[in-house]
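The values are calculated or read from the model by the stated rules, or taken from the named source; none is laboratory data. Model, not experiment: these values are computed from the prediction. A quick note on method: Cβ atoms are made from the backbone with ideal geometry, for glycine too, and the neighbour counts reach across all protein chains shown. Ligands, DNA and RNA are excluded from the accessible area calculation, which covers all protein heavy atoms including side chains. Shrake-Rupley method; radii C 1.70, N 1.55, O 1.52, S 1.80 Å.
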Amino acid sequence: MRYCNLRGIRASRVVMGCMRIADKPLQQTESLIVEAVKAGVNAFDLADIYGKGDCERIFGVAVKDLGLARKDYIIQTKCGIRKGDTGTWYDFSKEHIVSSLENSLIRLNTEYVDVFLLHRPDALMETDEVAEAFDKLHGEGKVRAFGVSNFSAGQMKLLDESGVDIVANQMQFSLCHTPLIDAGFNVNMNKDESVSRAGETWEYCRLEKIALQAWSPLQYGFFGGVFVGDERFPKLNAGLSALAEKYGCTPSAIALAWILKTPAFAQVVTGTTSPERMAQLCAAGDIELTREEWYGLYHSTGKALP
Ligand SMILES: NC(=O)c1ccc[n+]([C@@H]2O[C@H](COP(=O)([O-])OP(=O)(O)OC[C@H]3O[C@@H](n4cnc5c(N)ncnc54)[C@H](OP(=O)(O)O)[C@@H]3O)[C@@H](O)[C@H]2O)c1
């Protein structure tokens, strides 16, 4: 396993995502954590809304049962998405940020989280208020570092103006979801691919040394399903299988290694709940694809380069 440095926090490049553990038996989640830790994973991704709080609660119980020392693993959680009678809404008010984190600490049964992310941009965000909330949580020793998720470059710049220091931005990215880099290949051309759906987010993260974390690394569309083994992606699967044979791992591990080869993508957040798959996926943390292999896989998804 290789590690990255989130401004002083040493975190594994493969992160165990805990969004899907709520309806799994506790014993399965414990085995999942055991396999992940055995493979060198020390970073775990959660959110207040996963399983309506149950994912944080289950994770807190599992690490206690397993007797893991708190200093040996990194907890990342998120806040800001709320659900009400009128549907989903976003809340970056100081009051909500602080109370959300405090409730997460109770559910996680811990005194601090290592990284705390704003989950999805709030159009009503007052950046000074966010800064005040973060200062308070940091000052009280409840959060070590802060980040965002699904934020554009402009939105991160707004936070920066208020003195908010961001170490990570968690974005959807997979071989079948690449808007962050597509337009960069097609600058100044009259093609659909030239349209930038992600602005200069990828470039800004590189410039400011903000670690990109990829969520849903094996999915196409917005939770469309897993592309590995799906017959609708024959060329991609042939490419993944050929490289899996070369590197002695599974095709899914190659798909994760492809993400980790992409500059600025410091981490990939995997969502498997299968202990066996977790062990196999962690191989991605040690594989370095060549440039030609990286571009070959990009082509195999049907995207053409100029
Ligand atoms: N910041 C955000 O807005 C955001 C949004 C979504 C997710 N996330 C984070 O990202 C993490 C990963 O998201 P995700 O769960 O959608 O990612 P994923 O790793 O792309 O998908 C995992 C799902 O694919 C299934 N799967 C089927 N075949 C698989 C294979 N060969 N290898 C691995 N998994 C296979 C898994 O089932 P099994 O469990 O049976 O293996 C699981 O249901 C989440 O846990 C969460 O922490 C963040």
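Points worth noting:
- Residue, farthest from ARG13 (Cα to Cα), within the stretch 220-240, restricted to residues that are modelled with pLDDT of 95 or more, within 9 Å of the ligand (Cβ to nearest atom) and open to solvent by 50 Å² or more (accessible area, probe 1.4 Å): GLY229
- Within the stretch 241-275, if we keep just the residues that are open to solvent by less than 10 Å² (accessible area, probe 1.4 Å) and among the polar types (S, T, N, Q), the residue that is nearest to ALA36 (Cα to Cα) turns out to be THR270.
- Within the stretch 163-170, none of the residues are farther than 22 Å from ARG10 by Cα, away from the ligand (no atom under 16 Å from the Cβ) and open to solvent by less than 30 Å² (accessible area, probe 1.4 Å).
- For the stretch 89-103, the condition holds for at least one residue, the condition being that it is assigned to a strand (DSSP E or B) and within 14 Å of the ligand (Cβ to nearest atom).
- Here PHE59 passes the criteria (1) over 15 Å from the mean Cα position of the chain (by Cα); (2) within 15 Å of the ligand (Cβ to nearest atom); (3) over 13 Å from ILE75 (Cα atoms) except the one numbered (3).
- Out of ASP54, ASP128, sole residue that is more than 15 Å from the ligand (Cβ to nearest atom) and open to solvent by 20 Å² or more (accessible area, probe 1.4 Å): ASP128
- Residues being of a type in the set (S, T, N, Q) and either crowded, with 19+ Cβ neighbours inside 10 Å or modelled with pLDDT of 95 or more (or both) - total across the stretch 171-212: 4
- Filter result (part of a helix (DSSP H, G or I) and within 10 Å of the ligand (Cβ to nearest atom)) within the stretch 241-271: PRO251, SER252, ALA253, ALA255, LEU256
- Yes/no for ALA153 being buried (at least 18 other Cβ atoms within 10 Å of the Cβ), more than 17 Å from LYS78 (Cα to Cα), more than 16 Å from the ligand (Cβ to nearest atom) and under 19 Å from the mean Cα position of the chain (by Cα): yes
- Contact map, the stretch 95-120: residues that are on the phi > 0 side of the Ramachandran plot paired with residues that are in a helix (DSSP H, G or I) and within 16 Å of the ligand (Cβ to nearest atom), Cβ distance under 6 Å, separation 6+ or inter-chain. Pairs shown: ASN109/GLY60.
- If only residues of the stretch 106-125 that are open to solvent by less than 10 Å² (accessible area, probe 1.4 Å) and outside any helix (DSSP H, G or I) are counted, the one that is nearest to the ligand (Cβ to nearest atom) is LEU117.
- Condition check for GLY8: in contact with a strand residue (DSSP E or B) (Cβ under 9 Å, 6 or more places away or on another chain), open to solvent by less than 30 Å² (accessible area, probe 1.4 Å) and away from the ligand (no atom under 14 Å from the Cβ): no
- With respect to the conditions (1) modelled with pLDDT under 95; (2) at negative phi, ALA264 falls short on a single one, namely (2).
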